[in-house]
Amino acid sequence: MENKNKRFESTMSLRKILVFLVILAIALPVTGTASADAPPSLVMTTTTSNITLPSSGTVTLSANVTFTGGTAPTGWIETTLTTPSGLLTAPLYVSGNKSITVSTTLPTTGRIAGTYIWTASFTDDVISDNNTSSNQVQTIVNAAPTTLATGTATTTSATIGSFDTLLRSSVDLTGGYYPTGTITFSLSAPGGATVDTETVTVNGNGTYTTPTGFTLTPSEAVTGTYTWNVTYSGDSNNIASTSSSDCSVTVTPQQADLSITNTVSNATPNVGDTIAFTITATNNGPDSATGVVVTDLLPAGLTFVAATPSQGTYSSIIGTWSIGAVSVASPVSLMLQARVVSLDAQTNTATISHADQTDPDTTNNSASVTVTSTAPTYTVTFDSQGGSPVSNISGVTSGSTIIAPAAPTLSGYTFIGWYKEASYTNAWTYNVDTVTDNLTLFAKWKYNGGGGGGGGGSSSGSSSSSSSSSNPPITSTYYADISGTGLSGTTLPIITNTEAGSAAVDLRALGESMPIEEETIIITIPSIPGVNAFTLGIPVDYLSAPDRKRVLVLNTNTGSITLPAGMLANIRGLEGQKAEITISQGDKSGMPDSVKTAIGERPLIQLTVSIGGKQIEWNNPNAPVMISIPYTPKADELAYPESIVIWYIDGDGKAVSIPNGRYNPVTESVSFAATHFSNYAVSYNLVSFKDVAAGTWYGKAVSFIAAREITTGTSDGNYNPDTNLNRGEFLVMLMKSYGIAADTNPTDNFSDAGSTYYTGYLAAAKRLGISSGAGNNSFTPEKDITRQEMFTLLYNALKVIGKLPQGNTDKTLSDFTDASLIDSWAQEAMTLLVETGSIGGSAGKLTPTGTTTRAEMAQVLYNLLAK
C-alpha cells in the first residue's frame with residue numbers, strides 16, 4: 001500500500017500544491033466578532049458523488065471546504081484523499097473563516113476506478129476551541145463500460161478446393177478508459193468444436209485483429225459455418241465485454257463426383273494367359289478433382305505383367321495408380337496386364353478416391369470384375385515337310401501327352417519320325433514328352449530313291465538321282481516364285497541336296513529377263529523336307545551398283561534377307577562372277593555353354609557370301625542387309641517384347657547385341673540390319689532396375705536400351721532416371737545405339753578424355769567428325785548436356801553412318817516460340833530433325849538450352865531404334 005501511496009502522490013504535480021498555497025495566501029481574514037465560546041463548523045461537500053470513467057480525456061475530482069463560527073481562526077485546514085491506491089494529504093493554512101476548494105486530476109494508468117474519500121479538519125489554532133473534528137465526503141469512480149463492436153471476418157465465405165484458406169477476424173474496442181488487458185478470438189467449427197484460439201494485447205481503444213489466423217486445409221474443411229467468438233477480458237478500470245454479434249465464415253468444400261469402371265479383356269482365360277483390365281476413372285463434376293488415387297492391388301491368382309496409364313503412374317508393389325488432377329468429363333484410363341496363375345476365380349477391385357474435394361456420391365467409387373480361369377489347352381501342329389498333310393491336335397491340356405497320328409507319306413522317302421525343331425535335333429517321344437505350349441512338330445524323311453517332290457512346296461516336278469547308293473545326295477527340282485514388275489508368274493527351279501540339307505536357286509537363269517531397273521525383286525523358296533540352308537545365286541555385278549535403288553528379297557522358312565544393290569560394291573576385281581548368298585540354320589555345338597544356354601531353343605541362323613565358289617568375309621557399312629527371322633515368343637517374353645534381342649556371335653564365340661534388332665508382333669518375326677555376315681541368334685535379355693517402376697512412361701524405353709547393352713545403369717542396380725545426362729554419357733549411349741565402336745588405342749583425343757569408360761568413344765567421335773569438342777580441344781564430358789548439343793551430336797552421328805532421317809512433316813523451326821534461342825552451330829541439325837518429325841518439342845517449345853534426364857534420353861533412343 002505504501003508503494004501505491006507513493007505512486008499516487010507522485011502524480012500530484014507541483015502545480016496543484018501551489019494552487020492550494022495561493023488559496024491560502026489570498027484567504028480573507030475572519031470578519032465580524034465572535035465570542036471565544038462560539039461553536040466552530042467545518043463543512044465539506046463534493047461537486048460529484050458518482051462518475052464513470054470516460055472513453056477519452058482525464059478526470060478531475062474536487063471538494064469544497066467551508067470553515068465558519070470560529071474566533072479569529074488561524075491555523076491549518078488539513079485535507080486528505082483516500083484513493084483506491086492509497087492516502088494523499090494536502091494541509092492548507094487558513095486565517096479567518098473561509099471557504100476553499102481542493103481538487104486532483106486522476107492519472108491514466110494504474111488502478112483508477114473505485115471509491116475516493118475526502119477528509120478535512122482544522123488544526124493548530126492557538127484558540128483551541130477553533131479546532132474541529134474532521135468531516136468527510138466521497139466520490140465513487142466507476143469503471144468504463146467497454147464495447148466490442150460486431151466482429152468482422154476477413155473471409156466470409158470459402159469454397160475449399162485443393163488450396164488452403166486462411167480465416168481471420170478483427171474487432172473494434174471502444175468506450176474504454178485507456179484500456180489494457182487482452183482480447184481473445186476463438187474459432188468454432190460447425191458442430192461447436194473449438195479449432196483455434198488467439199489472444200492480442202490491448203493498448204487503448206482501437207481495432208484488433210487475430211495475430212495469425214486459422215489455416216483451413218481441404219482435408220480438415222467441414223461444410224457449414226465457422227464462427228469467431230471475440231471477448232475482451234477488461235482491467236481494473238474497464239469492464240469486460242463480448243462482441244455483440246459474432247462473425248462467421250460459411251465454408252463450402254468443392255465437390256467432385258468420381259466414378260470408376262473396370263472391364264477385362266477375357267473373363268474366362270486359361271491358366272497362363274495374359275489378360276488386360278481397363279480401369280477408367282471419370283470426374284462427373286461439378287468441380288475438378290485433385291489428388292486422385294485409384295487402389296487396385298491384383299489378387300494372389302494374378303501376376304502383374306505391365307501397366308499402361310494414360311496419366312500418372314502405377315505401382316504394382318502397393319497397387320496404387322496415382323493420377324493427380326482429373327478435369328470434369330475428361331476420363332483417364334489404366335490398362336493393367338496380368339498373367340493368370342490359378343484356376344480359382346479371381347476378383348479384381350479398383351477403388352477411387354481424392355484428397356481435396358468432397359465426393360457427393362460414393363456409391364460409384366468402386367468397381368470389380370471377376371475372371372474364372374480354365375486349364376490352358378494347346379494345339380499341336382504337324383509340319384510334314386512336303387509329305388501328306390497331318391491334322392492338328394487341338395484342345396491338349398497343359399502337361400498332357402499326345403497319341404501319335406498316322407504317319408505322313410512322301411514319294412521316294414521313308415518317314416523317320418516327328419522332331420521338335422526343323423533342324424531335327426530332338427525327336428518327339430510319344431507318351432513321354434508333354435505339351436506345355438502351342439507346338440509344331442516337324443517330319444523327318446530319309447530318301448530312298450524314286451520320285452521327287454511331294455505334297456508341299458511351291459510346285460514340284462521330276463527328280464533324278466546321280467548315284468545308285470542306298471541314300472545318295474540327290475538333285476530334286478522344286479520351284480521358287482519370282483515376283484516383280486514383268487515377272488508375274490515367273491518361277492525358277494530349285495536345286496536341292498537332302499543329304500546336305502541345302503537348296504539353291506540361281507537368278508542368272510532368268511537370262512535377258514533379269515530386271516535391270518526393277519526396284520524390288522522377291523524370291524520365295526518354299527519349305528522343302530530335310531532342307532535348312534537356302535542359297536541365292538546372283539551376278540556380282542547385280543549387287544555392285546550403289547547408285548541403283550533396287551533390292552533383292554529372299555524369303556525362306558529359315559528367314560528373310562533383303563539385299564541392297566550396292567552390297568558388293570566395295571569388292572573389286574570380281575566382275576562377271578557369280579555371288580552366292582546363303583541363309584541357313586546355325587550350329588551351336590562349337591559355342592560356349594553360356595551362349596548355348598542363353599539362346600536355348602530360339603532360332604540361330606548363319607549368313608555367308610561366296611564368290612566364284614569361295615566363301616569371303618563380307619563387311620560393308622554403306623550397304624546394310626535387312627534380315628528377318630520368324631519367331632513366336634513365349635508368354636513371358638510377350639509380356640516384355642522390348643527385351644527380345646538379336647545377337648551376332650563373333651569369332652571368339654562371344655555374343656554381341658545388335659542395337660537395332662527388335663520383335664515385330666505383326667509379322668511375328670525379329671528383324672535387324674547387318675553390315676557383316678556371321679551367326680545371328682534370337683535371345684531374350686530382360687534387365688530391370690530397382691528405381692524404374694513398372695508402368696512408368698520411360699520404363700519400356702529403359703528396358704529396351706538395357707536389353708541391348710546400350711546402358712548398364714549406374715550402380716547398385718539403379719538407373720537414376722531423373723538424373724541429368726552429361727555429355728560423356730550421351731555420346732557413349734549414342735554410339736553404342738548405332739554400332740559405332742570406340743577406338744581401342746586412340747592416337748588423337750580430347751584433352752579431357754581421361755582414362756575411363758568414355759575415353760575410346762570420345763576419340764572415335766573426334767576422328768569421325770561426330771564432335772569437334774567444346775573449344776580448346778576439350779569435350780567437357782562431365783558437363784550436363786543441353787538439348788541442342790544432344791540433337792547436334794545425334795545429327796552428326798547419323799550423317800557419318802548415312803542414316804539421316806528422311807521425309808517432311810511441314811513443321812519448321814519457326815513453329816516453335818523459342819527457336820530464337822537455338823545457337824547457330826545447332827541450326828542445321830535441329831532444322832532437319834524438326835522437319836522430318838524426329839523431334840516434336842513440347843507445348844510449342846524446343847527448349848534448346850534445357851537439360852535432359854537419363855529417362856528422356858532412353859525414350860529418344862527407343863523412338864529412333866524401335867521404328
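Go through the range 831-867 and give me each residue that's in contact (Cβ under 8 Å) with a residue 40 or more places away in the chain, over 15 Å from Tyr698 (Cβ atoms) and in a helix (DSSP H, G or I).
Listed by number, the list holds a single entry, Leu833.
Give me the residue from the range 181-205 that is β-branched (Val, Ile, Thr), over 17 Å from Ala240 (Cα atoms) and modelled with pLDDT of 90 or more and, out of that set, surrounded by the most Cβ atoms within 10 Å (Cβ to Cβ).
Across the range 181-205, the extreme among qualifying residues is Thr197.
Collect the residues in the range 649-701 that are of a type in the set (D, E, K, R) and closer than 30 Å to Ser315 by Cβ, keeping them in residue-number order.
Arg662, Lys690, Asp691, Lys700
Could you please find all residues in the range 206-225 being in a strand (DSSP E or B) and either at pLDDT below 85 or surrounded by fewer than 20 Cβ atoms within 10 Å (Cβ to Cβ) (or both)?
Gly206, Thr207, Thr209, Thr215, Leu216, Gly224, Thr225
Being over 30 Å from Thr174 (Cβ atoms) and modelled with pLDDT under 75 is the requirement here; does Ala63 meet it?
no
With the condition being modelled with pLDDT of 70 or more and of a type in the set (Phe, Trp, Tyr), I'd like the strands (runs of 3 or more DSSP E) fully within the range 90-167 carrying at least 1 qualifying residues.
Of the strands (runs of 3 or more DSSP E) lying wholly inside the range 90-167, those with at least 1 residues that are modelled with pLDDT of 70 or more and of a type in the set (Phe, Trp, Tyr) span 114-123.
I'd like the full set of residues that are over 21 Å from Leu861 (Cβ atoms) and assigned to a helix (DSSP H, G or I), limited to the range 799-830.
Residues satisfying the conditions are Leu813, Ser814, Asp815, Ala819, Ser820, Leu821, Ser824, Trp825, Gln827, Glu828.
With the requirement that a residue be at pLDDT 80 or above and buried (at least 19 other Cβ atoms within 10 Å of the Cβ), what does the range 240-252 give you?
Ser241
Any idea how many residues of the range 496-506 are surrounded by 22 or more Cβ atoms within 10 Å (Cβ to Cβ) and touching a Leu at 6+ places or on another chain (Cβ under 9 Å)?
So the answer is 1.
Check off (1) among the polar types (S, T, N, Q); (2) modelled with pLDDT under 85; (3) more than 42 Å from the chain's Cα centre (by Cα) for Gln255 and give me the number that stays unchecked.
(3)
Being among the β-branched types (Val, Ile, Thr) and either part of a loop (DSSP other than H, G, I, E, B) or surrounded by 15 or more Cβ atoms within 10 Å (Cβ to Cβ) (or both) is the filter here, so list the residues in the range 383-402 that pass it.
Result: Val390, Ile393, Val396, Thr401, Ile402.
The values are calculated or read from the model by the stated rules, or taken from the named source; none is laboratory data. Please read all numbers here as calculations on a predicted model, not as lab measurements. Because the Cβ atoms are built from the backbone with ideal geometry, glycine has one as well, and the counts that use them run over all protein chains shown.
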